[in-house]
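Once you've had a glance at the structure underneath, I'll fire off some questions.
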Amino acid sequence: MKSLFTIILSIILIMIVSSCKKMFEDDELSMKRVDYTGSELRTDGYYYSTYHYYDEREDAQYDKFIPWILYRNGVSLYGYVYDYSEMKKVEQSFEDGSFYDRHKDDKTRWEVFQISGSVIEFEGWESNGLNLTSDTRCGEILNDTTFRINKYVYHFKQFSPKPDSTNKYIK
């Protein structure tokens, strides 16, 4: 009886472990990477959005910015939130490669994008705590140096060199 219980328990554990593999796999993106050959948005620099952040613990307000880089190969690299006063440091990190080094292994920073008329669509990954699920965002192109996604408006800044667009997540 004890050996039968052990066998049944072993079979149940094997089934649970084998089914977990799929449960914890990251989603595949539904959008394919397509080279961007249009002129709706410039790609010879980066985009950034700024916003004000109030820290109640410090009773202080900060200006933050988020860099977003679009590449002609249809890939985008979405940076972390930085203090606006560090914009020059972030640009220096573009030049010295440390921005790329900091983001290259973070799958949630890499996306594909496609443009149709005045609509820009991005698809990348976000964490749900167990795995990464695909996440799609759509925005409106206001002109060749500005786009908006939800309440954030991204402005263009010409800059060279940009970080490398090579990554292990989008082929």
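Would a scan of segment 141-148 turn up a residue that is of a type in the set (K, R), surrounded by fewer than 17 Cβ atoms within 10 Å (Cβ to Cβ) and either touching a Phe, Trp or Tyr at 6+ places or on another chain (Cβ under 9 Å) or part of a strand (DSSP E or B) (or both)?
The answer is yes; a qualifying residue exists.
Still on this structure, please answer the following. Looking at this structure, is T133 over 17 Å from S49 (Cα atoms), of a type in the set (S, T, N, Q) and in a strand (DSSP E or B)?
yes
Just checking, does segment 72-92 include any residue being surrounded by 18 or more Cβ atoms within 10 Å (Cβ to Cβ), free of Cβ contacts under 8 Å to residues at least 60 places away in the same chain, under 15 Å from T43 (Cα atoms) and of a type outside the set (G, A, S)?
Within segment 72-92, one or more residues are surrounded by 18 or more Cβ atoms within 10 Å (Cβ to Cβ), free of Cβ contacts under 8 Å to residues at least 60 places away in the same chain, under 15 Å from T43 (Cα atoms) and of a type outside the set (G, A, S).
Looking at E126, E121, which one is touching a helix residue (DSSP H, G or I) at 6+ places or on another chain (Cβ under 7 Å), surrounded by fewer than 17 Cβ atoms within 10 Å (Cβ to Cβ) and not aliphatic (A, V, I, L, M)?
E126
Only one of K157, K107, K168 is of a type in the set (K, R) and within 18 Å of Y47 (Cβ to Cβ); which?
K157
Still on this structure, I have one more. Kindly provide the set of residues from segment 151-170 that are touching a strand residue (DSSP E or B) at 6+ places or on another chain (Cβ under 8 Å), surrounded by fewer than 13 Cβ atoms within 10 Å (Cβ to Cβ) and in a loop (DSSP other than H, G, I, E, B), ordered by number.
Residue satisfying the conditions is S160 alone.
Select from segment 28-71 the residues that are closer than 15 Å to F94 by Cβ and without any contact (Cβ under 8 Å) to a residue 60 or more places away in the chain and list them in ascending order.
T43, F65, P67, L70
Readers should treat all values here as calculations from the given coordinates under stated rules, not as data from a laboratory. Here the structure is a predicted model, which means the values were calculated and not measured. Note: ideal-geometry Cβ built from the backbone for every residue, glycine included; neighbour counts use all protein chains shown.
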